[in-house]
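Notes follow the structure.
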Amino acid sequence: MIKTYYHRQCIANIVNGAAEGLSKYSRATKVALVFVPGPNDPVEVYDPQNLLRGHEFKLKERFLDNPDLWKKEVREKLVGQPIGYHVPQPDLELAGLISYGSSCNDFFYQMWFTDHHPDLCSVHPTERWLEQAAALLANDYRSHHAILNSSDYVLKNYALQAISDYIVDERAKNLDFDSRILISPILNDILNISKTKEEGAWARGTLIFTDPARIPTIDFLTKIQKNERPVLSNNKHIRKLLLAVENSSRKLVSDGCTIIGITEADIPSYAIVADFLGEYGFLKLGNKKIASFFDGSFHSTTREAKMVELEEMLLDSDLETQSSTILFQVVSHLVHNAGRARHGCTLVIDLNEKPCRMSGHVLDPPLSLLELNNFDLASALLKIDGAVHITANICINGFGCLLDGQAINWENMARGARYNSALRFSADHRNVIVVVVSSDRPVSIIHNGIEINAFSHWRPVYQYTPRPIGLKQYINGVLL
C-alpha cells in the first residue's frame, strides 16, 4: 500500500517517463498501472490520463470478484524464485491496450497498460518497454534511496534498447546456436547510415545481418576479399556500397562487424534486415517488421494511415456491408499511394443517394473504381489541385473540385487552405466524409465540420503528482 511521498514519486516518475518515451516512439501515448506492492495490500490504480476508463468491468472481474484466487496463483508462481526475479503474469486482454504484468518477491504484482496504436509495426518493443518499467519500479520502490529521476530518464530514451531486447529474446528462443551478433551496435549503425547522404541522396537498398555461423550457407553473387572487408562502423563507406544493391533484389550481407558480400538469396530466418527507402526505412527480423526509422530515430509506425475511424463510419452508414468494405479498401489504396508519392490531396466521399453538386471537372461517364485498370488514372487525378469526388457507388464523379462553405469558429489557420476548406464543406453538406492527406503524410478524416481522428483524451500532468487510489474507488468513478 502507498504510504510515503517517496513511493508516490517513484510511481509517478516511472509512469511519466514511460509515457513520454512511448510518445516519442509512437505518438501521444498514455500509460497506466495496476499494482499491489505486498501480498496483503489492496489493489491500487495509477491512471492519470484515464486510460483504463471503460475497462472497469474486466478489472473488477479479475481483481475484486475473487481476490483470494488470483493472489494464490501469483504466490504459487513466486515459490522458490530468487529476490529480484520477475515472473511474467497473464495479459488481461483489454481491447485497444497493450499490457505487461509481472510479479517478484519484493513487489507482489504490477500490470502496466498503454495505448495500442493502430499503425504499429510490432507490439513487442512496446511490451519490452513496459517490462523495463516494471523492473525499474520494483527496484526503486524497495530501495528507499534511488535517484528518482534516473529511471524516468531511462524510459524516456528506451526505444533502441527496447527493440534490441526484443530481437535478442526472439533470436535466443528460435536459433539453435548461440548468436555472436551484438544487436545494439548494429541498430546504431543502421541509424547512422540512414542519416548519411551520398551525392545528396538518402540511402536505398537492403542490408542484412546474419551470424558468422550462417555465412557459409548463403549463396553469394560475390564476396569481398577477407582482409579488405569494410567495417560496419564506417558508415560513409557502407552508404556508398548500398549503391550496388539500390532498386534491385540484391542485398548487402554483414556478419555484424564487416560487409561480407552481395547476394540475391532469400533472407535467412531471424536475420536482422534494414530496408533503406530514402528518407525512411524499416527494421525487420526475417520478413517481419519491427520498427521504422527516420529523422535519426526508431519509431513504431508503419507510415501508412490505418484510418480506423473512416472504416467505422462507413460500416455505420446506410451502405451495405460489402459496399462499405470495398469503398474503404479503395479509399485506403488511394490514400496510401498519395502518401508514398508524398503529395497532398483531398477525397470527398459522398454517401448521398443523389451526389452533391460540386464545382470542378465532372466526368461523363463517372470513372468506376471497381475496375483495377482505373486505379493508376485515379491516383494521377489526386495530384491535380482540388478534391476528387467519390460517390457511394464507388465511382469518381469529378476531380479538381473546389470545396466552399460558410466560415466556422473552429477553423485552424495553421493547417492551411486544403484542411480548412474541408472543414467548411463537410459542415455544410450532409452524408459527406472528407479525407485530407498532407504531403508529410498525416491524414485527417473530417465529418460534419469536425476532424474525427484528431480527438484525444490525452491531457498532460503538470505540477501536481496525482495519488494512486484503490481499485474499488476507481471503479466507483473517483478521479485521481
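For this structure, a couple of remarks:
- Dipole check for the chain: with +1 at the C-beta of Lys and Arg, -1 at the C-beta of Asp and Glu, and the Cα centre as origin, the magnitude is about 1200 Debye.
- Overall, the ratio between the Cα radius of gyration of segment 209-293 and 2.2 N^0.38 Å, rounded to two decimals, is 1.03.
- Measuring r between the beta carbons of residue 342 and residue 170 and using R0 = 22 Å, the FRET efficiency lands at 0.10.
- Prolate/oblate/rounded label for segment 308-440 (Cα gyration tensor, a/c 1.5): rounded
- Estimated dipole of segment 308-440 in Debye, rounded to 20 [Cβ of Lys and Arg +1, of Asp and Glu -1, Cα centre]: 460 debye
- The calculated FRET efficiency for residue 306 paired with residue 240, based on their beta-carbon distance and R0 = 41 Å, is about 0.65.
- Labels on offer are (1) -0.36, -0.49, -0.64; (2) -0.31, -0.42, -0.54; (3) -0.26, -0.35, -0.47, and the one holding log10 I(q)/I(0) by the Debye sum over Cα atoms at q = 0.06, 0.07, 0.08 Å⁻¹ computed from this structure is (1).
- Whether segment 397-453 is rounded, prolate or oblate, judged on the alpha carbon gyration tensor where a/c under 1.5 counts as rounded: rounded
- Helix-only CD estimate at 222 nm, as mean residue ellipticity for the chain, using -39500 (n - 2.57) per DSSP H run (n ≥ 4): -10000 deg cm²/dmol
- Positive-end residue, segment 308-440 charge dipole about Cα centroid, Cβ charges, pick of 344, 393, 436: 344
- Listed residue (109, 186, 168) projecting farthest to the positive dipole end of the chain, Cβ model: 186
- Separation in nanometres of the label points that stand 7 Å from Cα toward Cβ, at residue 363 and residue 226: 6.2 nm
- Rounded to the nearest 20 debye, the dipole magnitude of segment 183-299 is 80 debye, with +1 charges on Lys and Arg beta carbons, -1 on Asp and Glu beta carbons, and the Cα centre as origin.
- Computed 3J(HN,Hα) for segment 219-230, one whole-Hz value per residue from the Karplus formula 6.51 cos²θ - 1.76 cosθ + 1.60 where θ = phi - 60°, is 8, 8, 6, 7, 10, 8, 3, 3, 7, 10, 5, x, glycine and proline marked x.
- Segment 183-299 - percent relative contact order, Cα under 8 Å, separation 6 or more: 32 percent
- Euclidean distance of C-alpha centroids, segment 367-440 and segment 66-133, integer Å: 45 Å
- Members of 173/195; 72/472; 195/284; 173/284; 240/284 lying beyond 24 Å, as alpha-carbon distances in this model show: 173/195
- Across the chain, the relative contact order, built from alpha-carbon pairs under 8 Å that are at least six residues apart, equals 14 percent.
Here, each number is a calculation from the coordinates, and none is a lab measurement. Since the structure is predicted, the reported quantities are computational estimates derived from the model, not experimental observations. Note: ideal-geometry Cβ built from the backbone for every residue, glycine included; neighbour counts use all protein chains shown.
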